[in-house]
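See below for the structure under consideration.
The values are calculated or read from the model by the stated rules, or taken from the named source; none is laboratory data. Treat the numbers as computed from the prediction; the structure is a model and nothing was measured. As a convention, Cβ positions derive from the backbone with ideal geometry for all residues, glycine included, and neighbour counts pool all protein chains shown. Remember, those area values only see protein heavy atoms, side chains included, never the ligands or the DNA or RNA. Shrake-Rupley method; radii C 1.70, N 1.55, O 1.52, S 1.80 Å.
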Amino acid sequence: MLTLPHGYSFSLRRILVVSLLLFALLPAAGVTWLLARSSTQSVGDLANQVMGSVALRVQTETERHLQQAHVIMNGLFPATLNPQQIRQARRWLEQPALFEPMAFALTRQSPGVPFLYMGTVKGNFFGVEQTARGAEVSVREVRDGVGNPRRFFLASQPGDRSQGLPPEPGNFEPRTRAWYEAALRAGGRVFSPIYISAAQKQLVITLAQPIYDDFSGAAGVFAADLRLQQLADFLRTQRISAHGAAYLVDEQGLLVATSAGDT
């Protein structure tokens, strides 16, 4: 027993026990704090690694998917044309029959890019689209300044017009379309904003490239549609966690695809 002034007394045994407990608890508390901090950091690092890995895979797949449109367009001509390629492109605009075999061949190469077409400064339009029932050719001609509704044909080969399809109800004007205007504003190859195609009801983005005449005026625009369903399907295969999801949005913040379900 240790006796102190004013009659306060403490058991040495109790003091020793408390001291030992304090010395034992302090290291234990420190270790627990360190372990908790380490565990939190590990969870955070793991989460960052998972999200970084998913983001990299999505970015790689998105770039690969968009590249399909460039591959098809490069089948016509490169992003920067030489004089000979410009003359060839102008001939296609003036004589769609020369363009048709190329459109048939290129649209068969990639299911993601089934529609290749062109619109002229006069308002003419010509396109080839690969569908479930075969190749569909769409034609719009402007005569005496008046544009007629597009005519559609199911064609087994270039030049085949034996099987006509119902015409469109409205009068399609290529020069007012987003892809045509975007290409002329950019002055070169450019992707359009994402939109929903009227026929397939799918998200689509269009790669368009303008062609100019000898006086730097617009001669027309070539374009290729890229469907985004394949990209949405890829994103749905990405496993984040039981309660996590990844979202792909465009520059305007609109949802393009998600790992959580349908777009």
For this session: Kindly indicate the residue of region 149-180 that is under 20 Å from Phe222 (Cα atoms) and in a loop (DSSP other than H, G, I, E, B) and also nearest to the chain's Cα centre (by Cα) among those meeting that condition.
Result: Arg177
For this session: Examine region 72-83 for a residue that is open to solvent by less than 50 Å² (accessible area, probe 1.4 Å), within 21 Å of Leu184 (Cα to Cα), part of a helix (DSSP H, G or I) and in contact (Cβ under 8 Å) with a residue 60 or more places away in the chain, and state whether such a residue exists.
Result: yes
Exercise. Which residue pairs have Cβ atoms closer than 8 Å, lie 6 or more positions apart in sequence or on different chains, and pair a first residue in region 170-181 that is farther than 16 Å from Leu116 by Cα and of a type outside the set (A, V, I, L, M, F, W, C) with a second residue that is at pLDDT below 90 and not in a helix (DSSP H, G or I)?
Worked result: Asn171/Gly147; Asn171/Asn148; Glu173/Gly147
Problem set entry | Unique match (being hydrophobic (A, V, I, L, M, F, W, C) and more than 30 Å from Glu61 (Cβ to Cβ)) among Phe191, Phe115, Phe125, Phe104 | Phe125
Seminar exercise, completed: Across region 100-148, the tally of residues that are closer than 20 Å to Leu207 by Cβ, part of a helix (DSSP H, G or I) and not small (Gly, Ala, Ser) stands at 5
